[in-house]
Structure formats: C-alpha cells, structure tokens
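Here is the structure we will look at, set down as structure tokens.
The values are calculated or read from the model by the stated rules, or taken from the named source; none is laboratory data. Because the structure is a prediction, the values reported are computed rather than measured. In this analysis, Cβ positions are derived from the backbone assuming ideal geometry, glycine residues included, and neighbour counts consider all displayed protein chains.
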Amino acid sequence: MKVFKFGGTSVGSAAGLQNIREIIAREPGRVAVVVSALGGVTDLLLSTGATAAQADPAYCDRYESICRRHREAIAESVPAHLQEETRAQVEALLEELGNILRGVFLIQDLSPKTTNTIVGYGERLSSLIVSRIIDGAVLRDARAFIKTEPYFNKHIVDFALTNELVRSTFADDARVSVVPGFISSDKTTGEATTLGRGGSDYTAAIIAAAVGAEALNIYTDVDGFMTADPRVIDKAYLIESLTFVEAMELCNFGAKVIYPPTIFPAYNRNIPIYIRNTYRTECPGTYISREVTVPVAGRGDMHKAIKGISSINDSCLLTIRGLGMCGVIGVNYRIFKALAKAGVSVFMVSQASSENTTSIGVRRDDAERAREVLSTEFAQEIATGEIDEIMLECDLATVAIVGENMRHCPGIAGKLFGTLGRNGINVIACAQGASETNISFVVKVESLRKTLNVIHDSFFLSEYQVLNLFLTGVGLVGGSLIEQIRSQQEVLLRTNALKINVVGISNSRRSIFDRDGIDLARYRELLENEGVPTTPQTIRDRITEMNIFNSVFVDCTASPAVAEIYGDLLSHNVSVVTANKIAASSAYEHYAALKNTARTRGVKFLFETNVGAGLPIINTINDLRHSGDTILGLRAVLSGTLNYIFNVLSEEIPFSRAVAMAKEAGYAEPDPRIDLSGTDVVRKLVILARESGYEVEQADVVKNLFVPNSIFEGSTEDFWAKVPQLDAEFERQRRVLAAEGKRWRFVALMENGRCSVGLETVEAGHPFYDLEGSNNIILIRTTRYDEYPLQIKGYGAGASVTAAGVFADIMSIANIR
Ligand code: ADP
Ligand code: ASP
Ligand code: MG
C-alpha cells in the first residue's frame, strides 16, 4: 500500500481536487489518501469558535463562509450524479457544527474539548468531499483508529493501540481509502482530540508505519523541501534528497513543509517519504530516506555538506548563570526536571565547559512560565547569590543549518560565523551537537531575514558574490560611475562571479531604493518620478533599516552633511567608499575613529580618489607601509584645477577666464574657491600625511597663498565678480616667468610630518615642469626610495577617472583588484 497526503492548499481549489483525482487514478495498487481541511478552514473554525465564545454574533458570518466554501467545492468538483447525496451529508455536518457554535455563543464557554470538536469538522468535511471525488473510495473515520492519551498539556498517540486498530481497519480489500487527517480521539473517554496544527502529515505517517506502506507521499503547494523557506528567501531551491535525520532537523526547526512528528514513524519503519507539488506533478520533488550521499572524499565540498536552513522566530533565551554553579553536580538535572514537570519544551541548550552559564532556548509561549519555574527551583541559590536572577531575553530568532555531511567537512562553523560577523550579525548563543548534523544559533529577530539571506547566499549560491551598493550623488562623478557600473555589470558577473546590485541611489533631494536592484538605464527618470524626498539622515536610516548584507555606501558628493553619516553606517557594517574628502580631512580624532570603526566592524572605509582622482596614491602609500617602509617626505602637485589654470594662462587667456575654463571642464570643485584658496590641496595633503603615519590637522599646514584673501569673502557670485581684478597682475608676473623659462606649480610638501602648500616656480628639467593639463604628480620619498623617490603621475582630475577610482575601491571590497 502507498499512503498519500494532500494539504489544505491541494484540497482547497477545484484545480487541486482535479489533480488529486488524477494522481490517485494513476496508482495501480492500494492507496490511503489522507486529507487536510480546505486551506484556511482550520484557522476559520478556530476563530469562529472564539468569536462565538465572546457572545459576538459576528461568528455567524464566519460560519456562513465555512458553509459556502464547502458548498462551492461540491458544486465545482463532485461528479453530477453524486452531488445531491454529498450535499445532504455535508449539510448534516454543517448543521451539527452550527448547533455547537450556537451553544458556545449562548453559554459563552469554550473548553479545549469543544475546541477540538469544532476544529475537527474541517477534516471531516473535506474528507467526505474528497471521498466522493475519487472513484470507488471508502471513507474512514480517523477518530476510530488514531487513539491518543493525555501527556502534560498535550495529547500523544498511543502507538500500540493505534497500530493495531489501523491494521484491522485497513485489513479489508478496499483499493482507495480516504481518511481525514489531524483528528483523533482519546483512548479512554473517546473525546475528540487532535494531533496538533499541521497534524495531517502525522496521520499519514502513522498509517504508513502501521501498515508497513511502500511509500509516504506528501503533496503540498511547493515543489518539495527547499533549501530555505521560499516565502523568505526567493532564491531558495529544491533539495532533491534528504536523510530522515536531515529532514527532522529542518522541520523541527521551522521548515513548515512537514509537521515534525511525521518523520519518526516513517524513519522507524524505513518508509521513504516523497514531498511533491499537487500542482506540478511533473516535478520530481524531494526524496527522504536513510541514504546519505557522501561528497567526494577530501574535497571539503561545503556546497553539498549543508542541505538546508530553517528558523523559528518566536525564540526566547533563558540564562541560568552563577559562579556557584561551576562543577556542582545536578544543576542541569534540576533545570531540565523543573522544566519538564511544567511541560516546557526546550529546543536548544548551550553550556560552556566552565559550567557557569547555561542558556536554554524556549518558545515565546513557554518563556514566562519557564522563568518562574526556574526562579522557584533555584530560589535558595538565588537568595545566597550562588546563582544570579534567571535572565530572560525575548524577540530572538533561532536559525539552524543542517546536513549529515557537515561532519566530513571542516570549516563550516568558521565560514558560518565569519559570514555572520562580516555582515554585523551578532550571535547571541549557539549550539552544535557532537553528531555534527546541525549548528543552531540565536540572533535578534530583526536580523533574521538578513541572517537567512547571507547564509543562503554563502552556502548555496556561492557561484557568485553579491555586492549591494547605495550611491549618493549623481553629478559628474556619480553619473559617470553609474554608467561604468552599468556597462561592466555583465562582464563582472561572467568573468569574476561578482554581481553588483545597486540598491539605492540618491541626489541632493530624492532617493530611490530597491532591494532587488535598480534599473540603471532609468535611474534619473525613477529618481524624478518615484524618488522620495531625503536628507543624509533619512538615507542613513533607510540603509540601516534595509539591513542588506555585503553593502557599500558610495559617496560621490562633496557634502559635509553626507560625510557625517559614515560613522553610523560603518557601525552598521556598511562599507564606505568616498570621493568626498571632508571626512578623511576632518579632525584627526574623527578620521581615526572612522578607520577604527571600519577595522573593528570588519568593513572598509576607502577614499583613494580623495587625492589624485583615480591615481593609485593612497593604496601605494599603504602598500609601502604595510611592507615595512617608512614615508619620509612627499612633494606633489595635487590640484588638477590649479595645474590646469597655470597651464592654460597665456596672453589670450587671462586668469579669470582660466578659472572659468577649469570649472567648465569639470576639474574644479563645485565651489572653485575651495581650489583657489588652497583648501582643496590642504585637505589632500592632510589625508596623505595621515595615511603616511603622521597625526596632522588642517590647521598645521602652512599656507602660502597666491591670491589675496579678500577674493574669497562674500558669495560665489561676489567671487566671480572679483576674480577679473587679478588678471592684470597675473599677466605681468606670467610675462616675467615666461622670459625666465619657468612655470608655476602649486606644490604640496610634507617632510617628516611637517606640511606646507604654496606656489613655486620650476625650471625646465624639474619633474614638475612638464606636467600637462590637469595632471597630478607625487614624489614619495621613503626609507627604500630615498635618493630617487617613487613617482606617480597622470590625470589628477576629471569625472571618468575619478569614477574609475571609486569603482576600483568598490572592487577591492569584493576582493577583485
Ligand atoms: P500543506 O497545507 O500542504 O500542509 P503547509 O502550508 O503546511 O502546506 O506547508 C507548505 C509550506 O511550507 C510552503 O508553502 C512553504 O511556504 C512553507 N515552507 C517553509 N519552509 C520550507 C522549506 N524549507 N521548503 C519548502 N517549503 C517550506
Ligand atoms: N488542518 C490542520 C491545520 O491547518 C492540519 C493540517 O493541515 O495538517 O493545522
Ligand atoms: Mg502542513
């Protein structure tokens, strides 16, 4: 015989019922068909009972909708010649149910016994209808052969009696039997009981085990057991095979696809379980058996070692702690005895070898009771201080990764906890049994979604890595970066297995966010039409609230307000890549704190483009220092704008025009006064000095300016109006310089931490003399590169090279360089 079980979603629609008929018709041998209530009816029955018990006449509407569901099912699916008879039987049951509900309404009393009776109508009605749909089916009443006895506050199956009754019930030669799942009766009183929510699976397993069935087929609304709950992880995929142990570990821990007690009877009699989709019968589903597929020895194939992930989100943790517990025999015995007596189920235990702390995972409903019970049990030790007050922490979730092959594969725990750590997920407690088939750990419930996603990605989808970007600033640099990302996305996925997902974009007014990735071809239109008004603070809040793994905040603005949110982002494990110099050149203490936060959080704070646009200057300095070199001095032209201005000055192009041209070419800062006042170079020099190992503030830099301070007073408009006043003097000096064969360069200097900036004249042959356009150059003098300093030279400004530098920083976070 084979046993089939069809869940609520399968019996809840005309298409599902039609498929059930066909599946059973294809079976050549004897079958038992166990059915759940029509989808949603169990919940509806419970809430109707509760409403009636409150003397709320609204229960009538609910009762009516229950009646309607069943009448519709008959009209749609029962063959015409059987409809009248079926309807009469169903109406009789509905009438009984209506009378019971009316009684509850009148006396306002709903005992557990009455609840069990009411809720059982769901399966009684559905099984009656299904038995009329399948040709030649015999309807059997599960209450007559699934027998329970009380155990704490539950009913458990009396297997000796049940097995005997099942065998005698199925001893006849009916080809198809239809059985209501979930319902049972007390072995002594005969009162209605149930096997617990989701219990139809269990009914099917009990029958399969009792008759020694060939197979147990559980049909539901998904293709089978998936690597994670498909409602949470949309990338979850089908697991083709599981062992009984793996299936048990997974469903015990929240994988709702099978009711946990179902596994044992099948395992015990070695009856394979198939989980299949009623609506996609062509799909092979999941095969659960004793067979373990061992990965190739020595390959340490993590991919196959982990079969699935499951979680429960109503976890609480009780902690019993006290120095008086160390080495004392019997503490654990007392903990578990007290909890067992109170009927509290413990799903996780974690105790360190020092024995002074034991943490216990319980469900929310049991938590307060468990705390009271333990506080009473240890009242004396708590009074003397040997044991602390029992701690209860709620709003937690417990996650388990499961796989029998984990024991063949070192490094799983390392990979698991490493992944969690890098993503800022704090593990509150963890447990791994010596069987090594399961590692369970507890996190805050608000981190659950992120936890499941990061683990799923790292263990199951590790064919590619995902980097999630939040981009702020879509001006010249930001716009160029988005274009570069757009054109490289495909290539990076193909050649580097890196998926770049831009999940947020903002300009100074609006933001758009999309966990699944924003369409980069349309981001400007989306910002305009769908963008929400924002400030840097709202962007920060949104990013932390989205709590996406492997995320990077990219700042392509020059805004001090945007720079202010880096600290919070880094503390939330979001890496920061910035072209904005404000943060790295702010007070040393702040700069150092940001770097420190990044280090302790295991994320990156990168700002290569703060100096020399895309030129690899900061990385080079760091590489030198990491290899033990010491940076002794720096001599550099670091302002693309100023270099450009001094290069284009001529008889035809006066100073004011040269400044305007630098702005038009996109080299200058949004506010060109920042360039002309030397502020921009001072910021860059401070950053380089700091990266070289010197504690320098902007105020420490000696500034030798080449334009009078009065030019910078007032607004930007005032500035543009005043600049032409400088033209005549610049032209006079330029002629003198040209006659001497010299050129102007605005030079930044650092000698053993002492910094200065100022205009210098250089002659032909000087490394700075032939520095075309907006190029930058830096000479780095170190212990190793002393007599001949290391030189880096190239474009020092411009949107596309700066964007490329930002891109390179992003790549280095993905370890692609
Ligand atoms: P039925 O009514 O058929 O008994 P259930 O709702 O009890 O169906 O169980 C099937 C549901 O279990 C699926 O729709 C899915 O949302 C959920 N589920 C949770 N975890 C998993 C998992 N790991 N694999 C498959 N389904 C899962
Ligand atoms: N109908 C019951 C429930 O919803 C049993 C089941 O579906 O397995 O819990
Ligand atoms: Mg179910």
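Here Ile183 clears all of (1) closer than 22 Å to Gly39 by Cα; (2) within 14 Å of ligand 3 (Cβ to nearest atom) except the condition numbered (2). Residues in region 484-539 that are over 16 Å from Val466 (Cβ atoms) and in contact (Cβ under 8 Å) with a residue 60 or more places away in the chain: Gln484, Pro536, Ile539. Only strands (runs of 3 or more DSSP E) whose full extent lies in region 754-816 are considered here, and the ones with at least 2 residues that are among the polar types (S, T, N, Q) are 754-763, 775-782.
Looking for something among the β-branched types (Val, Ile, Thr), within 16 Å of ligand 2 (Cβ to nearest atom), closer than 30 Å to Ala266 by Cβ and in contact (Cβ under 8 Å) with a residue 24 or more places away in the chain - is there at least one such residue anywhere in region 24-32? Outline the logic, then answer.
In the first step, residues of region 24-32 are kept if they are among the β-branched types (Val, Ile, Thr); the result is 24, 31.
With the extra rule that they be within 16 Å of ligand 2 (Cβ to nearest atom), the set shrinks to none.
Looking through region 24-32, none of the residues is among the β-branched types (Val, Ile, Thr), within 16 Å of ligand 2 (Cβ to nearest atom), closer than 30 Å to Ala266 by Cβ and in contact (Cβ under 8 Å) with a residue 24 or more places away in the chain.
Taken over region 252-266, the criterion of being within 16 Å of ligand 2 (Cβ to nearest atom) and assigned to a loop (DSSP other than H, G, I, E, B) is satisfied by Gly254, Ala255, Lys256, Val257, Ile258, Tyr259. Contact map, region 215-237: residues that are more than 18 Å from Val402 (Cα to Cα) and assigned to a loop (DSSP other than H, G, I, E, B) paired with residues that are of a type in the set (S, T, N, Q) and within 8 Å of ligand 1 (Cβ to nearest atom), Cβ distance under 6 Å, separation 6+ or inter-chain. Pairs shown: Asp221/Thr9. Contact map, region 1-20: first residue over 14 Å from Ala204 (Cβ atoms), second residue away from ligand 1 (no atom under 14 Å from the Cβ) and aliphatic (A, V, I, L, M), Cβ cut-off under 6 Å, separation 6 or more or different chains; pairs are Leu17/Ile133. Check Val176, Val245 and return the single one that is more than 30 Å from Ile133 (Cβ to Cβ) and either charged (D, E, K, R) or more than 13 Å from ligand 1 (Cβ to nearest atom) (or both). Going through Val176, Val245 in turn, the sole match is Val245. Take the conditions (1) more than 31 Å from the chain's Cα centre (by Cα); (2) without any contact (Cβ under 8 Å) to a residue 12 or more places away in the chain; Arg599 misses just one of them, which is (1). Looking across Gly678, Gly693, one residue alone is under 19 Å from Leu779 (Cβ atoms) and not basic (Lys, Arg). It is Gly693. With respect to (1) of a type in the set (Asp, Glu); (2) in contact (Cβ under 8 Å) with a residue 60 or more places away in the chain; (3) more than 12 Å from ligand 2 (Cβ to nearest atom); (4) surrounded by fewer than 22 Cβ atoms within 10 Å (Cβ to Cβ), the lone exception for Glu249 is condition (4). Within the option set Arg276, Arg269, being over 22 Å from Ser10 (Cα atoms) and either more than 16 Å from ligand 2 (Cβ to nearest atom) or touching a residue at least 40 places away in the same chain (Cβ under 8 Å) (or both) holds for one residue only, Arg269.
Looking at region 393-410 only, could you name the residues that are surrounded by fewer than 17 Cβ atoms within 10 Å (Cβ to Cβ) and either under 26 Å from Lys444 (Cβ atoms) or in contact with a Lys or Arg (Cβ under 9 Å, 6 or more places away or on another chain) (or both)? So that I can check it myself, show each step before the final result.
Taking region 393-410 as the starting set, the residues that turn out to be surrounded by fewer than 17 Cβ atoms within 10 Å (Cβ to Cβ) are 393-395, 407, 410.
Correct list: Glu393, Cys394, Asp395.
Are there strands (runs of 3 or more DSSP E) fully within region 109-194 with at least 2 residues that are closer than 18 Å to Arg30 by Cα? List them. Walk me through it before giving the result.
Numbers: elements: 137-139, 147-151, 154-157, 176-180, 183-186, 192-194.
Result: 137-139, 176-180.
Could you check region 425-443 and list, in sequence order, the residues that are modelled with pLDDT of 90 or more and surrounded by 15 or more Cβ atoms within 10 Å (Cβ to Cβ)? Reasoning before the result, please.
Within region 425-443, the first condition is being modelled with pLDDT of 90 or more, and the residues that meet it are 425-430, 439-443.
Once the filter is applied, which keeps residues that are modelled with pLDDT of 90 or more and surrounded by 15 or more Cβ atoms within 10 Å (Cβ to Cβ), region 425-443 yields Ile425, Val427, Ile428, Ala429, Cys430, Ile439, Ser440, Phe441, Val442, Val443.
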